[in-house]
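To start, the structure itself, in structure tokens.
The values are calculated or read from the model by the stated rules, or taken from the named source; none is laboratory data. These figures come from a predicted structure and were not determined experimentally. Glycine gets a Cβ as well: all are built from the backbone with ideal geometry, and neighbour counts include every protein chain shown. Note: areas computed on protein heavy atoms with side chains; ligands, DNA, RNA excluded. Shrake-Rupley method; radii C 1.70, N 1.55, O 1.52, S 1.80 Å.
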Amino acid sequence: MRDELTKAWFIALKDLRAYYFKPPTISWGILFPFVFALAFLLRNPQGAHELAPGLIAMSLIFGTTSMSTASIMFERRIGSFERVILAPVTMWGVALGKILGGVVFGLLVSSVMVPLVFLFFRPTLVNPALLVLAVLLSSFLFSGFGCFLSLIVRQEFDAMTLANAVRLPMIFLSGVFLPLTALPLGLKVVAFWFPLTYEVELLRYALLGSVDLIPPLPAVGAMLAGCALLLWASQRALERRRRNP
Amino acid sequence: MNQAIEVHGLTRSYGDLVAVDHIHFSVKEGEIFGFLGPNGAGKTTTVRMLSGLITPTEGKASLLGFDLETQTKEVKAHIGVVQDVSNLYPDLTCYYNLIFSAQIYGVPRRDWEARALELLERFGLLEKKERKFLTLSRGMKRKLTIACALIHNPPLLFLDEPTLGLDVRAKRMMHRLIEELNHEGVTIFLTTHQIAEAGKLCDRIAIINRGKILVLDTVKGIRSKASAEPSIRISFHRNEGLAPELLALPSVDRVRAQGDHYHLSVRDLPLALTEITRFAEGKGLLIGSLHTEEPSSEEAFVQLTGIEAEKMR
């Protein structure tokens with residue numbers, strides 16, 4: 001177990017060293033959410049602080065999914081992904097390592113985004129510990145999502161298309177810009193299936209002290225379950241690739 | 001002598017295509033074992049199965065006493081694998097590529113630096129230590145890829161087409177390196193499509209085609225099996241269209257037109273020479289050149305497998 005965790009950490013460190021400064025990762029992680037939020041801010045300057053949780057959530061989802069997807073798809077294309085499969089580490093260790101790289105990147109992205117959000121959007125900070133927990137869980141969850149996605153597709157293009165096909169609708173239906181309470185019942189049901197919904201609710205509670213629909217404890221539970229599910233699914237996808245390359 | 005690799009009925013299918021078809025062989029500790037065959041014969045698929053990269057559809061294998069199916073992690077910890085492409089991390093330096101290999105192969109932390117520097121020096125890459133992998137020449141990339149596979153001192157090394165795309169000088173260097181490693185006690189499983197390379201380096205060779213092993217013997221054994229049929233290289237002043245008539249001679253088994261001459265595989269050399277001389281006289285042909293030859297590795301290969309040597313190039 002310790003051996004697996006250590007090797008997973010080495011895989012994550014290698015990813016950070018190799019891909020940290022790749023332009024797509026930086027741009028999707030920081031610039032895109034900021035520009036997006038700025039557009040909404042210009043339209044509704046009075047409700048600026050309401051945008052704070054969504055902005056942090058967006059930067060995390062784009063930063064972490066981009067990081068894990070880009071690193072895996074790039075390595076798959078040039079053949080170096082097979083190096084970690086050849087190494088004496090289980091597929092659990094490989095999946096965890098790939099996800100952890102995204103988690104560390106998520107923490108770095110949020111260490112830039114959170115101060116910026118406080119500077120421009122001025123939310124009140126009700127629960128700092130919950131903010132840290134939300135950032136950690138979200139980073140793991142979305143890095144896991146990117147990892148899983150890049151292991152089930154054939155081409156790099158498919159991964160990006162599929163990632164955006166999930167990420168973009170999620171942003172509009174998970175309470176980032178519109179409160180969940182304002183959604184019609186059908187879309188509310190859809191929103192409950194999106195992990196971003198729980199992240200935004202958790203961040204909303206940590207930053208503003210209120211939630212739309214989901215209290216913090218169930219949100220943490222749902223996110224933990226999502227993390228476990230995506231780690232398991234990524235490991236299964238790796239095993240499947242060994243059986244049906 | 002212990003067996004480094006034992007393979008029983010190993011098979012790998014992709015849908016209807018059987019890439020490797022119930023192969024059996026064993027590799028002794030300390031030998032250089034050649035796995036020879038044309039492109040698409042099943043060589044790389046076999047290496048990918050034996051190194052744990054893909055799972056076999058059927059069959060069993062054990063490496064260094066570890067069962068491939070149930071002790072995959074132990075197998076991986078004791079082997080080094082150099083794939084047919086130099087697939088290190090392009091944006092990382094030579095030094096960090098080695099350090100990362102040491103990390104995931106479980107080399108103790110205190111040995112990382114010393115081991116990396118030792119390998120960089122051995123492979124003549126010490127002054128390229130801080131260069132990114134992507135900036136290296138093809139030969140250097142190959143060397144560093146092999147160095148990474150040796151970081152944990154594996155007793156068994158898989159080399160998949162190690163000289164593919166290298167120039168003559170780099171190829172010679174690679175051959176020397178393979179021999180050196182073998183002298184140091186490393187068992188080497190070498191896949192190649194180059195007959196001369198396998199003949200030069202390997203103690204034993206398995207020839208694979210369409211997923212099946214056709215021949216498995218020592219290089220000497222393969223040559224002696226084939227040497228029952230010596231050959232004649234001959235050219236006439238008029239060469240066109242003589243192959244069917246030469247093949248009709250009783251002592252001639254096979255005829256290949258090669259450039260400006262014919263290559264004849266014959267059963268009985270003195271008889272064949274007499275028949276050919278009579279044939280030339282009868283047709284009014286002048287013999288331009290005539291050489292009798294012991295079978296080369298290539299000829300032995302062609303004789304035993306029926307695969308044309310050109311397909312291997």
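B:Ser26 falls short on exactly one of the conditions (1) within 16 Å of B:Leu157 (Cα to Cα); (2) in contact (Cβ under 8 Å) with a residue 40 or more places away in the chain, and that condition is (2).
Filtered by the rule that a residue be at the interface with another protein chain (Cβ under 7 Å from one of its Cβ atoms), touching a helix residue (DSSP H, G or I) at 6+ places or on another chain (Cβ under 6 Å) and not aliphatic (A, V, I, L, M), the stretch A:61-89 gives a lone residue, A:Pro88.
Scanning the stretch A:207-225 for residues that are hydroxyl-bearing (Ser, Thr, Tyr) and in a helix (DSSP H, G or I) yields no hits at all.
For residues in the stretch B:100-121 being at the interface with another protein chain (Cβ under 9 Å from one of its Cβ atoms) and outside any loop (DSSP other than H, G, I, E, B), which is nearest to the chain's Cα centre (by Cα)?
That would be B:Ser101.
Being in contact (Cβ under 8 Å) with a residue 24 or more places away in the chain, among the hydrophobic types (A, V, I, L, M, F, W, C) and either open to solvent by 60 Å² or more (accessible area, probe 1.4 Å) or part of a helix (DSSP H, G or I) (or both): is that true of A:Val104 here?
Answer is yes for this residue.
Selection of the stretch A:188-206 for residues being open to solvent by 70 Å² or more (accessible area, probe 1.4 Å), without any contact (Cβ under 8 Å) to a residue 60 or more places away in the chain and assigned to a helix (DSSP H, G or I) yields A:Val189, A:Phe192. Can you pull out every residue in the stretch A:191-245 that is β-branched (Val, Ile, Thr) and either out of contact with any helix residue (DSSP H, G or I) (no Cβ under 6 Å at 6 or more places or on another chain) or within 14 Å of chain B (Cβ to nearest Cβ) (or both)? The answer is A:Val220, and nothing else.
Every listed requirement among (1) free of Cβ contacts under 8 Å to residues at least 60 places away in the same chain; (2) surrounded by 16 or more Cβ atoms within 10 Å (Cβ to Cβ) is met by A:Phe172 save one, (2).
Take the conditions (1) surrounded by 15 or more Cβ atoms within 10 Å (Cβ to Cβ); (2) under 30 Å from B:Gly30 (Cβ atoms); B:Ser224 misses just one of them, which is (1). Screening A:Ala57 with (1) open to solvent by less than 10 Å² (accessible area, probe 1.4 Å); (2) at pLDDT 85 or above; (3) within 14 Å of chain B (Cβ to nearest Cβ) gives one miss only, at (3). The residue that is nearest to the other protein chains (Cβ to nearest Cβ), among those in the stretch B:46-80 that are among the hydroxyl-bearing types (Ser, Thr, Tyr) and touching a residue at least 40 places away in the same chain (Cβ under 8 Å), is B:Ser51. Residues in the stretch B:81-111 that are touching a residue at least 60 places away in the same chain (Cβ under 8 Å) and over 18 Å from B:Ile54 (Cβ atoms): 1 in all.
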